[in-house]
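Working notes, beginning with the structure itself.
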Amino acid sequence: MNPQVGVIMGSQSDLPIMAEAAEMLEQLGVSYELTVVSAHRTPERMIDYAHSARERGIKVIVAGAGGAAHLPGMVASMTSLPVIGVPIKSSNSIDGWDSILSILQMPGGIPVATVALNGGKNAGILAASIVGSFDPQVGERLDAYKKTLKEKVEESAAQIESKGWKEILKN
């Protein structure tokens with residue numbers, strides 16, 4: 001099956017965060033590809049990736065980057081596919097704020113959906129939600145996933161209500 005989601009990152013050091021997106025896509029049964037595409041070190045690769053994504057069957061791109069974090073915005077400027085930016089707190093980052101603001105503060109006409117700092121998991125879920133808007137099977141898997149979240153909260157509430165918070169904190 002051709003990948004529906006492109007998961008790209010500025011460098012291999014971003015992999016631990018971007019792997020969370022890939023893991024969610026796998027859990028939800030959404031096909032994806034994952035690679036390194038640097039806006040600064042391999043701009044031609046980035047341009048080729050963005051320009052060819054739609055014809056390769058990609059429906060949404062998840063782009064993670066730290067520091068100046070130009071990758072999501074630059075890719076979004078070269079494709080009409082939805083782009084989800086994942087700001088990453090990297091070794092050269094200013095507590096992640098540089099990445100957050102670089103991805104969040106896009107000029108009018110070039111939107112990038114932005115998740116929280118190091119939010120690879122949520123980026124994977126959001127990408128699956130976009131695919132699920134036209135793929136009923138993915139939508140059903142998302143519904144089932146969200147049901148498990150609800151059940152976990154209800155379970156936690158029942159434990160606290162029956163045992164009391166002090167007992168819960170002891171364990």
message: If Trp97 meets every condition in (1) among the aromatic types (Phe, Trp, Tyr); (2) in the same structural domain as Arg41 (by TED's automatic domain parsing); (3) in contact with a Leu (Cβ under 7 Å, 6 or more places away or on another chain) apart from one, which number is that one?
response: (3)
message: Of the residues Ser13, Ser91, only one is more than 13 Å from the chain's Cα centre (by Cα) and in a helix (DSSP H, G or I); which?
response: Ser13
- prompt: Does Ser31 satisfy being polar (S, T, N, Q), touching a Pro at 6+ places or on another chain (Cβ under 9 Å) and either surrounded by fewer than 16 Cβ atoms within 10 Å (Cβ to Cβ) or at pLDDT 95 or above (or both)?
  reply: yes
- request: Could you check, for segment 20-33, whether at least one of its residues is over 28 Å from Gln137 (Cα atoms) and in contact (Cβ under 8 Å) with a residue 12 or more places away in the chain?
  value: no
statement: Checked segment 113-145 for anything of a type outside the set (Asp, Glu) and either at pLDDT below 95 or not in a helix (DSSP H, G or I) (or both); matches are Ala113, Thr114, Val115, Ala116, Leu117, Asn118, Gly119, Ser133, Phe134
field: Residues that are in contact with a His (Cβ under 8 Å, 6 or more places away or on another chain) and of a type in the set (Val, Ile, Thr), drawn from segment 58-117
entry: Thr79
query: If you check Ser90 against the conditions, is it free of Cβ contacts under 8 Å to residues at least 60 places away in the same chain and small (Gly, Ala, Ser)?
result: no
message: Name the single residue that is farthest from Gln4 (Cα to Cα) among those in segment 136-171 being touching a residue at least 40 places away in the same chain (Cβ under 8 Å) and not hydrophobic (A, V, I, L, M, F, W, C).
response: Tyr145
statement: Note on segment 44-58: residues in contact (Cβ under 8 Å) with a residue 24 or more places away in the chain and outside any loop (DSSP other than H, G, I, E, B) are Met46, Ile47, Tyr49, Ala50, His51
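The values are calculated or read from the model by the stated rules, or taken from the named source; none is laboratory data. Keep in mind it's a predicted model, so treat the numbers as computed, not measured. As a convention, Cβ positions derive from the backbone with ideal geometry for all residues, glycine included, and neighbour counts pool all protein chains shown.
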